[in-house]
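The next block holds one structure in the form of structure tokens; read it before the comments.
Every number in this text was worked out from the coordinates using simple rules, so none of it is lab data. What you are looking at is a predicted structure, and each value in this text was computed from that prediction instead of being measured. When we count neighbours, we look across all protein chains shown, and the Cβ atoms used for this are built from the backbone with ideal geometry, even at glycine.
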Amino acid sequence: MKPRLRPRSRKGGLRILGAAAAVALFATPSFAQTSMDDPLDARDAKRVDRMEKVVRELRDIVFKAQKTGGPVVVQPADTDARMADLATKIADLEGSLTKLNGSLETTGHELDQTKRENTQLKAQVKALSDRLAADEQKAAEALATAAAATPPSAPEPQAPADPKVAATAAAGAFSKARQLMLSGDYDGAEAAFSAYVATYPDTPRTAEASYWWGKTLGVRGDYVKAAAAYVASIRGWPQTAWAPDAVVELGRALVQLKKPADACQVLGELGRKYPKAPPAVVTRAQGVRLQAKCS
């Protein structure tokens with residue numbers, strides 16, 4: 001900022017005025033004495049113009065101070081300072097805009113990458129869904145193939161007409177067949193369970209009877225009939241304690257029938273249909289998978 005001049009008395013103002021007048025007087029003759037043949041240098045001329053301007057401003061300030069009796073104040077010409085301050089602010093804004101543009105570019109890149117990852121994830125989910133559907137279809141075909149095997153022959157006795165009598169008779173027949181099996185009479189148990197399935201095809205324990213029937217058939221190596229019995233026992237995937245073991249036994253029977261691919265498809269359903277299968281059953285299933293060379 002340019003200095004603020006404050007005269008303490010009117011005499012001081014007069015002295016400043018006298019100095020300004022002297023400058024003006026000395027400057028004026030110099031212009032008069034300069035001939036057209038010897039013009040001032042361009043820079044000297046500009047310098048003289050500035051001095052004249054300053055003298056005029058000082059004279060106006062002094063005259064004004066004399067009239068009002070106030071202090072002589074030379075207002076600062078702060079245009080350059082304001083321009084510098086404005087330039088600084090503009091530079092700051094440009095820096096902020098540069099940072100903002102960088103952030104926007106980074107965000108855009110991350111958004112594009114997220115979109116690509118979402119697309120890849122959707123493709124993977126679709127592939128897994130298609131694979132699961134194909135596996136389930138193959139498992140169903142394996143079960144159908146096993147069911148199409150030679151069905152076990154069984155007698156066809158007639159159940160009693162009275163429902164209560166039939167239920168009592170079915171319970172007795174099932175208990176008798178289990179006792180035969182527990183006693184080690186597998187031939188008798190096989191005949192008893194076969195008769196039960198033929199006589200009582202729609203009781204709550206018919207599926208379990210088919211499971212135990214498959215067990216007796218597997219003991220004597222009749223894997224064709226055993227596979228058919230196991231298929232009948234797990235049709236509809238019953239949630240019972242013996243159902244996971246029936247799945248494993250069906251897989252084992254299919255391995256013995258030289259159908260490892262079908263066995264692998266059936267065993268693949270074990271974890272999905274019976275995720276809480278006993279550890280012993282899971283261990284046996286792993287052994288059958290090794291026999292079938294499942295992937």
Suppose we keep only residues that are of a type in the set (A, V, I, L, M, F, W, C) and out of contact with any Gly (no Cβ under 9 Å at 6 or more places or on another chain) within segment 194-215. Which one would you say is surrounded by the most Cβ atoms within 10 Å (Cβ to Cβ)?
213
Considering segment 244-284 alone, what residues qualify as being among the hydrophobic types (A, V, I, L, M, F, W, C), in contact with a helix residue (DSSP H, G or I) (Cβ under 6 Å, 6 or more places away or on another chain) and more than 19 Å from residue 221 (Cα to Cα)?
264, 266, 267, 270, 277, 281
Among the numbered criteria (1) free of Cβ contacts under 8 Å to residues at least 24 places away in the same chain; (2) under 21 Å from residue 221 (Cβ atoms); (3) not hydroxyl-bearing (Ser, Thr, Tyr), which one does residue 241 miss?
(2)
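Yes/no per residue for (1) in a helix (DSSP H, G or I); (2) over 15 Å from residue 293 (Cα atoms); (3) of a type in the set (Asp, Glu):
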residue	(1), (2), (3)
228	yes, yes, no
231	yes, yes, no
239	no, yes, no
244	yes, yes, no
255	yes, no, no
261	yes, no, no
For residue 218, state whether it is surrounded by 24 or more Cβ atoms within 10 Å (Cβ to Cβ), under 17 Å from residue 255 (Cβ atoms) and not basic (Lys, Arg).
no
Top-ranked residue of segment 245-289 - restricted to ones that are touching a residue at least 40 places away in the same chain (Cβ under 8 Å) and not hydrophobic (A, V, I, L, M, F, W, C), ranked as surrounded by the most Cβ atoms within 10 Å (Cβ to Cβ):
251
